[in-house]
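Before any comments, here is the structure.
The values are calculated or read from the model by the stated rules, or taken from the named source; none is laboratory data. Keep in mind it's a predicted model, so treat the numbers as computed, not measured. Here Cβ is always computed from backbone atoms with ideal geometry, including for glycine, and neighbour counts include all displayed protein chains. Only protein heavy atoms, including side chains, enter the accessible area calculation; ligands, DNA and RNA are left aside. Shrake-Rupley method; radii C 1.70, N 1.55, O 1.52, S 1.80 Å.
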Amino acid sequence: MEFKDSFSINKENNVWTVFIPYQFLSLPSCQLYGKVNRNCHRIYVLSVGMLDNNLDAQVVGEWTCDISQPIRHSNKISSENIWISVYKLDTGQLDCILLSGKSRTRVDCILFNPQNILESYFLQSSDMIQDENNMIQPLVSYSTVICDNENQHHSASSQTINYLNNINMSSIFLQVLTVLYSILTVLIDNRFTRTGLLKSITEIPSFCQHLILKKKKLYSAKTSKNKLFETQNVVSQTVLDVLLGILVMVFLTQNGWIDSITTHFFLWTEKVASELDILLNWLMGAPAGLKLNKPLTEFLGHFFMYHIYLWKGYLHLLKPPVFNTLLWCSSCVGVLGLSAQICLLKDIISTTTLHIYCYYVYAARLYRLQVYVLSALWRLFRGKKWNVLRRRVDSASFDVDQLFVGTLLFTIFLFLLPTTALYYTVFTLLRMVVLLFQGFLSTVVYIINHVPMYSILLWVIGSNKVSGEISLEVVLSDKMTDCQVFSLQVHKVPLRKIMKMSSSNQIDSMSQPLLSWKHFLLNLMKGHLVYPWIDLHKKL
């Protein structure tokens, strides 16, 4: 078994450092076996007593638990050898003597528990820690050699068995979940649905996207560098999600809540339809004392009223028992988790508020057209035009007829703009209400699927598994010696670091990138369709 040292080399430092595990100090007097790195002045004690044949080590010194026993080292070393003698003082404190050849050298002795380092997920992964001096990974390798050597002598180590059982159980459960979601997504995530029209269709329902992203997340956990850490986080999230989903499913199906929800839903839709009729009649009059273009406002008002009539007919098709069956099937999705139920609820909200989306799209397109025409005519008055090929505004000359027609069109669109802008503002506000509620549901889904419950629980109970910071504490001595003893302590990382690490390793369930408030308001002013249909790659 090889042990590789990668501490940063400092040839100018003549102080040697000896790493000794705590458990070796409880043994009787015996020889010390380890590795000597002369380049960086390090000595690693890997074993005591008997040397295992698989361990690449040499005799580096001896451990004496009783100071009354003589320390025999003068006849064991030559002018090129290194020899350490570790012993207890009469005060019970530790001391160490290091002989380099025939001369005595100053030494720093670092005591630590290898098991605490190996239990940490963070210290075992170089991607999760900042190791500027390249000190942590050698400690992990050093601890691995020691623990492996001890386990060979204690094959029935309960801690090792528990560790392997955790890996096997989590891996098996993760494999089962991966197969399950692969079967569920076989029709919506294949080579035919990843391109063309089918891709656009499968990207619309939130429920389909949730299943696809869940499968990707499971595959990501299987291929993660720190597999055990990611696997147990994903498994704990999935178990909690499923338990909450089953709880909601039982609550809805056993207490008659489905019939009650159906009744209140249709009462709410009738009230919304009547309120929209009142709103449109108000807009066709003189809303807030504004004088609008009467022909245009009456045309738009009757146009939107007809859509309310169509929406009522659409809801009539969903009346019981159709809507009851739909709710019952939605509740049964709880076996896939609460997040799946919420995603399906988002799809139901999208279908039942289809009329509000249509109002918003019609008003936004009409408003966008007028803004575009007015901006083009405004450039015409200034003797400029938009160069499509170079995508910039260039100077241009226009004759009198073009300026006359442009003036007429500019006047017409300018006086029609307040009427269109009012309808656009009202229906944009209605659309924003729907999107805010759907955004709240998306946030709940994100929290359920991305908060590392397992890691947070370990952090709360103070487990060494979430330790990621080390410190050296000076062990005070009553006697002046050439040896300074340090105790290496392992501390848990801050909770915000755990959350940040977890979020960086997860597949983001929000497929749309976020916009700043500046761009969001700019899109609204220009009449662009906002989330989730806005073209973010377009240069605004």
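Overview of results
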quantity: Wholly enclosed helices (runs of 4 or more DSSP H) of segment 222-335 bearing at least 1 residues closer than 26 Å to His355 by Cβ; calculated: 257-284, 294-316, 322-332
quantity: Filtered residues of segment 382-429 (kept if open to solvent by less than 60 Å² (accessible area, probe 1.4 Å) and of a type in the set (A, V, I, L, M, F, W, C)); calculated: Ala396, Phe410, Phe413, Leu416, Leu417, Ala421, Leu422, Val426, Phe427
quantity: Which numbered condition Leu315 fails, given (1) at pLDDT below 90; (2) farther than 15 Å from Phe427 by Cβ; (3) open to solvent by 20 Å² or more (accessible area, probe 1.4 Å); calculated: (3)
quantity: Count of residues meeting criterion [open to solvent by less than 20 Å² (accessible area, probe 1.4 Å) and more than 13 Å from Gln232 (Cα to Cα)] in segment 451-465; calculated: 0
quantity: Any pair with Cβ under 7 angstrom, 6 or more apart, that starts in segment 45-65 at a residue that is farther than 17 Å from Gln23 by Cβ and open to solvent by 30 Å² or more (accessible area, probe 1.4 Å) and ends at one that is at pLDDT below 75 and aromatic (Phe, Trp, Tyr); calculated: Asp56/Phe3
quantity: Single residue of Leu366, Leu326, Leu354, Leu374 found to be of a type in the set (A, V, I, L, M, F, W, C) and in contact with a Ser or Thr (Cβ under 6 Å, 6 or more places away or on another chain); calculated: Leu366
